[in-house]
Amino acid sequence: MKNFLLTVLFSLLLSTLLRAQTQGPLNGAAFSVINIAGSNRTWINPSNTAASDNSYASFSNMSNIVGAYTDYLVTCKFGLTIPPTAIISGIVVEVERSDVNGKTSDYSVRIVKNGAVGSTEYSKVGAYPTSDATQTYGGATDKWGETWTPADINSPTFGIAIAAQRSSAGGTTAGRIDNIRISVSYNFLTLPVDLISFSGVKKNNVVQISWVTANEENMSYYEVERSADGASYNTINRVNSQNRAFTTTWTINDEKPLSAKAWYRLKMVEKSGVSKYSKIITISPDAETNNTGLYPNPLPRTGVLQTNNNNNQPLTVSFFSAYGHHLADVSTTSSVVALDERIKANTGMLYYKISNKQGEVIATGKLLLID
């Protein structure tokens, strides 16, 4: 009984810590065909699945052999912009399809991850309807047998592969697909504290670690942890929470930094014992700072946003709303990140990621935009 009550309490706690969001349904923008060995037909006009407009991808009449099948019709590039801190929980695929002769059914329906067709089969039993209707695959808590990161979902090579087959003998197959859409559900795991930023700067052989919090509630303490290899961490400082309802800036100094590259992270512990870690930052011994972030944070809408860019390298800062919608990309070769009206039109919490000229994401975080 005690274990049951603990399980119920934990489930209730977890439900309060998870913030569910969904993006989609969205249409694809990249279309192709992947050959399946032994296929009987291939798809014609696969790009016609881009919209529900009665323009179809089709494959003409298959051989009069029940089970004869087509190649894969692949639709990708759905324009998803899942925030980098999100946890993917499920994928829904909607396919608008028909066969006026009722001679077509699914042969194979599989997710496409990083351009490769997945191994989990999602085909449905039964013939396509004789008039256009939408078939749903997956669900808000169904990950199609895969593990996902936001980068996997946002990739232009994420999508769905569909092959059809003859479902009954005689007559002509007239299978066709009008539209394919995808929705992705995800969560944010949150504590009773909102970590706005976590950054580090090396000055005069001292590493200064700073973080900004908002809306602390029932928090116990913070621990700054350091690692020499990025795997094993030790606590170098601990500070008690002040449980403030407003924005608070915290700073500690690592007076004896490592002589080699060091990794830092922040452990945030609630009074109940639940804990969460920040992103990991690195500090190199030969640079004043190699952690790229945005400051000041919070930022007044009339303020000047900056980043640590001592070498004036080309950077791209991508901004997302609290609901995961992509707002804008800002390019810079200096320390100033010039915000345009698409970003300034928002107030409250925004998410961002910073990429270098190779397209590598070198920093992610949150930016609090205030009036």
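Worth pointing out:
- All positions within the range 315-334 that are without any contact (Cβ under 8 Å) to a residue 60 or more places away in the chain, in a loop (DSSP other than H, G, I, E, B) and open to solvent by 60 Å² or more (accessible area, probe 1.4 Å): Thr333
- Restricting attention to the range 133-151, the residues that are closer than 22 Å to Ile34 by Cα and either free of Cβ contacts under 8 Å to residues at least 40 places away in the same chain or in contact with a helix residue (DSSP H, G or I) (Cβ under 7 Å, 6 or more places away or on another chain) (or both) total 2.
- Restricting the range 115-143 to residues that are polar (S, T, N, Q) and over 27 Å from Ser63 (Cβ atoms), the residue that is least open to solvent (accessible area, probe 1.4 Å) is Thr120.
- Subset of the range 347-371 [open to solvent by 40 Å² or more (accessible area, probe 1.4 Å) and not in a strand (DSSP E or B)]: Thr347, Lys357, Gln358, Gly359, Glu360, Asp371
- Within the range 152-180, the set of residues being touching a helix residue (DSSP H, G or I) at 6+ places or on another chain (Cβ under 7 Å) and assigned to a loop (DSSP other than H, G, I, E, B) comprises just one member, Phe158.
- Scanning the range 72-114 for residues being closer than 15 Å to Ala151 by Cβ, open to solvent by 30 Å² or more (accessible area, probe 1.4 Å) and not in a loop (DSSP other than H, G, I, E, B) gives a total of 2.
- Within the range 266-287, considering residues that are charged (D, E, K, R) and open to solvent by less than 50 Å² (accessible area, probe 1.4 Å), the one farthest from the chain's Cα centre (by Cα): Glu270
- Selection status of Glu146, assigned to a strand (DSSP E or B), of a type in the set (D, E, K, R), closer than 30 Å to Phe319 by Cβ and open to solvent by 10 Å² or more (accessible area, probe 1.4 Å): no
- Residue count, the range 41-71 (criterion: assigned to a loop (DSSP other than H, G, I, E, B) and in contact (Cβ under 8 Å) with a residue 40 or more places away in the chain): 17
- As a summary of the residue check, Leu73 satisfies the conditions (1) at pLDDT below 95; (2) touching a Pro at 6+ places or on another chain (Cβ under 7 Å) except for the one numbered (1).
- Close pairs (8 angstrom Cβ cut-off, 6 or more residues apart or separate chains): closer than 17 Å to Pro84 by Cβ in the range 335-355, among the hydroxyl-bearing types (Ser, Thr, Tyr) and open to solvent by 20 Å² or more (accessible area, probe 1.4 Å) anywhere: Tyr351/Thr85; Tyr351/Thr364; Tyr352/Thr364; Lys353/Thr364; Ile354/Thr316; Ile354/Thr364; Ser355/Thr316
- When restricted to residues that are modelled with pLDDT under 80 and over 24 Å from the mean Cα position of the chain (by Cα), the range 201-216 contains 6.
The values are calculated or read from the model by the stated rules, or taken from the named source; none is laboratory data. If you're wondering where the values come from, they're calculated on a predicted model, not measured in any experiment. Every residue, glycine among them, receives a Cβ derived from its backbone with ideal geometry; neighbour counts consider all protein chains shown. These accessible areas exclude ligands, DNA and RNA; they are computed on the full protein's heavy atoms, side chains included. Shrake-Rupley method; radii C 1.70, N 1.55, O 1.52, S 1.80 Å.
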